[in-house]
Structure formats: structure tokens, C-alpha cells
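The values are calculated or read from the model by the stated rules, or taken from the named source; none is laboratory data. Quick caveat, the model's predicted, so the values are computed rather than measured. Please note: Cβ atoms are built from the backbone with ideal geometry, for glycine as well, and neighbour counts cover all protein chains shown. With ligands, DNA and RNA removed, areas are computed over all heavy atoms of the protein, side chains included. Shrake-Rupley method; radii C 1.70, N 1.55, O 1.52, S 1.80 Å.
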Amino acid sequence: MTAPRRGEQFRSLAETAFDILVIGGGISGAAVARDAARRGFRTALVEAADFSSGTSSRSSRLVHGGLRYLEHFEFDLVFEASRERRTLLRIATHLVRPLEFHFPIFRDGRIGRRKLDAGMWLYDALSLFRNIERHQMLDTEAMLAREPGLRADGLLGGARYFDAQVDDARLVVTTIVAALEADATVVNRAEVVRIDASDWPGHRTLVRDVESGREVSVDALAIVNATGAWAEQLLDRVAAGPGAPGLEEGAASAVRLRPSRGTHIHVARGRVGHSGALIFEAPQDGRVMFILPWREDLTLIGTTDEFFDGRPHEVAATPGDITYLLEATNRLLPASKLGPEDVISAWAGLRPLVAPPADGADEGAVSREFEVHQNPPGVFTLSGGKLTSHRRMAEETVDRVQAFLAPAGVKALRKVDTDKVPLPGARFRDLDGLRRRIRARARGHGLDPASADRLTRAYGTRASRVLDLIERNPQLGERVVEERPHLLAEAVYSARSEMALHVEDVLFRRMRVGLETRSGTPDAARRVAEVMAPELEWTAAQQAEEVRRALTCRALDDGAIHEVAEWGRVAR
């Protein structure tokens, strides 16, 4: 399927009377739009930037039950997340894959063997013993046999268990495509200027096309504010006339967020010395950290957890964050001796956490539960939550909206089915069988197994549509950069079928190659711009501007890496 042209979607915003307008194109907004559209509501979604350009492309890329939340007795949260992990493994099989973890414990740590064993049994129980496999406790010898690079001094053994990993940005765009295919109107680069509640019932929202500057008025009976860390800022744009139901006194403060910055880095896997995924206590403060395999040759290290008081769009990795991650890794895996020169990329996102009732709570102790507030009538703000539980969060949010719309005679046409219907590309029985078929066809186009497997993981059955592009134009079978498996055909597919409007959308979200290479990013930007230009009718000047724009996307985070290098104070 080729996505409807953006101009058609933007015109539809003005020409359709919607039941529900979703504001925000991260994982929460995408899931709400998919759910609402599948129930038969006339649904629209607008996103001020690109889909998943905020927190949803800057996570730890885990679909997990939340082992560390057991320490804070959040059993309901872990139970729900464990159930949603099973659901995502079923409905997004190509995107979400099981991941084996090892949790080493040390004599100088705060978690002992008995506490870990009890936590693991509880973790299995809250998943109804239906995790990929049950946990296994390991002694020191067994742990070192599995992860020989671990610090041996004070090692007491640990545990083996399973969670899952996902490409967060691709999960978002795939969910967006699912909403589109369920007849939702979806527009990125469309910013909400004002929400007018003076003409009740219903709301009139002024939306500006960021690309052209054109403005349209969108009519909707209900609005879902799914803007994450930007939720409070959006509520400031709600205007109500005399006598109209507007923001009640004190209601703006009812949606209280306490954003937390989480920073991650990529390094070459061969430099780290780990075999699989590790979860451990950071030696600096005892917080839980991850060292995760990414692709076949990269490692993802994260995350920090620091309250952030700045403006959301200014969040970036800091030199302190990067130093923290490198030093914690070097302490756990002493032979790695990582320094700032090993950091390929860094990124930071904001967790839109619900503010605790009292100040002084530790960042890691703030709940990941979500809340839905309605104020003014018909404006629902979704805050908090986590990536793993996005589908359930959306279901509960649409349930609330559905109950609100019912007295006006607006009812769902169908029951919710988002836990049963596979996401686009996930309609197959056997992932290994699909991988073999894609490899066989890719081989006929001269593609290597790494690129073929990349297509299977990113697009599922729709990898065949990317291969169709290569069949018509063999040049698109070339790699974006030699050292990564991503293909030029993916950039064309992103522009045609996934609403990518800019080179940065492709490099950093549709493909992620912009975070997986350091020296190759300028070449990648130029090559992607060349194949996108005919699709989006760019002039030579626009094409050059696209390259420049893409290269600035990493400027703040790369600046932090360079600053750490100048400090030269990473403990190795």
C-alpha cells in the first residue's frame, strides 16, 4: 500500500467532522489512533514534528515486564506489562524479539542472592509463568562461563531470565500505518496552534502545516492529548469563551508531569566484551542499568534517570550522562576500558512521568503508571506510562472517550481488537520461514543475508514491497553506507508508504542508520537525499538543505561526546 498523499490527508482535516482528534504521534498517540479507528470512530491524528521524534525513538528499546519495579511494590504495573509483552510478541513478531538477560550480583551490591531469587520467582509468577522461559539462578562459575568478561572480584553469581527487545521508532511508524489503514486521517509536521472550546459541544482546533504555513480548522467532538512531555504546554493552548466549559480552576495543575531524562549510547560490540544482555546495578548510585546487544555488531548502553526541568525540545545527552554510562560499564566489564572515542552516538529522551505527590522522590522510584485526565470536557490528557504498555494505555483511554461520546449518540461500530489483530507486516506463522523466503528472494537481487534479515526484522511480510522497488530499480539495492545493512530502497519506501518527509526522518527513525554510524553519516545523508528527491520533488537547493538539516540532528548529543573527550576523565 502506498500511503495517501500528505496533501490529501491535510485537506481531510478541514473537510471531515471527526469524533476523535489525537494530538501527538509518539507511541501513545499512534496506539490511541489505531484503537479508535479500528472501533469505527472517525479519527484524526496530528504530530507537530515527525512520528516518534520525541521520547518514543529515544528509549532503551525494551519490551519488558519491569523487573526493577518490584522493589517499589508496583505489582499491578509488572503484571500488566508482562501481559502486554506477550501480546506484542504475538501481534508484532517481526519487530519484538525475545532477549535473554543475565543479572550478575556482587558482594558490594545492594541486591543479594536471596532477594534476587525471590524477585525472579515473583517476576515469573506475575507473568503467570508464561514468560519465554522461567528464570534460572546461577553460581559464580556458571555466570562467568556465560559472561566471561564480568568483573570476577566479589561476584556472587546471579540470574538468567527473558524479556524482549524492539526497534521503538519502527514500532511507532508501524502502528501509525495500522491507524492509517483503519481509515484514520494522519498528518505529521502539523502543529496545534489553538484549541477553541467556546463553541460547545465539540472543539475546534487550529492546526498549522509546518511545511507550508497553511492553517486549517479541525472539528472534533473529543480530543486526546498524547503529547508526552509536552502535555502541559498543549493544555496552555486551550481557550474557552465566556460560559463555555474551559479549563477548570486548578485543573491545569492536575496534569502534573515530572519528566526524567534518560540517556543512551551506542558503541561497537567488540569493544565491550559481553555475550548477551546484561542488567546490573550502576556502581555510582545503585540504579539499574542495561548493556544490550543491538543488531549483530553494536551495543546499547543505558540508561540514566535524571529529573529534567528544561524545555522538552532542548533535551540532549550531557557529558555527565555519557561519563556515567562509560564508567559503569568499565566497572562491570573491566577489560572493555571504554572511552569517549568509543561512543558512536548518544541520544536522550524524556520520560513523561506523573509527578509524585511529594517532592524529594528519587527519579527511579517515580511510578511508571499512567493517568488520563479530562479537562475541559472532551479533552483527555494521557500522561505517564511506558512503551511496553502502550496498547493497554490506548485501550483504556479510548474506553474513557467512548463513554464520553455515548450520550451524544456517537458509539463504537466494533469492539476493541488491538490485542488480536497483527500489526502491518506481522501476518505470518513462522519468523524463520519468512526470513528464509526473504533471503531467497533477496539473493536473486544480489543482496547479502545481513541486508535481507534487516528487511525481515524491519518490515515483516512487507519486506517484499521493498524488494519490489529494487526489482524495478536495481540501484536501490545498494547500501546506504557500506558498513551497515540498510538499503537505499528503504528510503524510497519510507517516503511512499511511511510518510517520511525529510532525510532526518529516514536516517534517525525509519532506518536508525544515523545513530549506528559515526563517520558515515554525511555520506548516508547525501545518498538518501538523492533517492528521496524525485519522490518529494525537491530542487537541488532543497536537496542540499535536507543534507545540512540531517547533519545538525546529532549536533547537541555529539557535542556532549566531544566534551567528555576533552575532559579526559572517564575511569577505565
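General observations
- Positive dipole terminus of segment 47-166, leading residue within H94, A142, G109 (C-beta point charges): A142
- Counting only protein heavy atoms and a probe of 1.4 Å, the accessible surface of the chain is 49% carbon and sulfur.
- Potential extension, T140-R110 segment - 0.36 nm per residue separation minus Cα distance: 9.1 nm
- Interchain or long-range residues, amide H under 5 Å from L99's placed H: D163, A164, Q165
- F307 contributes about 50 Å² of solvent-accessible surface, heavy atoms of the protein only, 1.4 Å probe.
- Heavy atoms of V192: accessible area, 1.4 Å probe, square angstrom to 10: 10
- Anisotropy class of segment 96-166 from Cα gyration tensor, a/c 1.5 cut: oblate
- Value of Rg to Rh for segment 405-479 (Rh from inverse mean 1/r over Cα pairs, i.e. Kirkwood): 1.26
- Segment 439-531, dipole about Cα centre (Lys/Arg Cβ +1, Asp/Glu Cβ -1), debye to the nearest 20: 280
- Across the chain, C-alpha contacts under 8 Å between residues 6 or more apart give a mean separation that, scaled by the residue count, equals a relative contact order of 18 percent.
- Relative contact order %, segment 61-183, counting alpha carbon pairs below 8 Å whose residues are six or more apart: 36
- Farthest towards the positive end of the charge dipole of the chain, among the residues I561, L353, L155, is the Cα of L155, using unit charges on the Cβ of Lys, Arg, Asp and Glu.
- Prolate/oblate/rounded label for segment 258-357 (Cα gyration tensor, a/c 1.5): prolate
- Share, in percent, of DSSP beta bridges within the chain that are antiparallel, nearest 5: 75
- Protein heavy-atom accessible surface, 1.4 Å probe, per residue over segment 1-121: 35 Å².
- Net charge, P449 excluded, C-beta distance under 11 Å - Lys, Arg +1, Asp, Glu -1: +2
- Equivalent ellipsoid semi-axes, segment 362-501, via Cα gyration tensor eigenvalues times 5, rooted, Å: 40, 19, 16
- Net charge dipole size for the chain [Lys, Arg +1 and Asp, Glu -1 on Cβ; Debye, nearest 20]: 1800
- Relative contact order of segment 276-363, taken over Cα pairs closer than 8 Å and 6 or more residues apart, is 22 percent.
- For the chain, the mean residue ellipticity at 222 nm estimated from helices alone is -10500 deg cm²/dmol, where every DSSP H run of n ≥ 4 contributes -39500 (n - 2.57) and the total is divided by all residues, rounded to the nearest 500.
- Cα gyration tensor category, rounded, prolate or oblate, for segment 531-572 with a/c compared to 1.5: prolate
- Distance between the modelled labels on R256 and F307, one decimal in nanometres: 1.1 nm (7 Å Cα→Cβ projection).
- According to the Kirkwood relation over distinct C-alpha pairs, the hydrodynamic radius of the chain is 24.5 Å.
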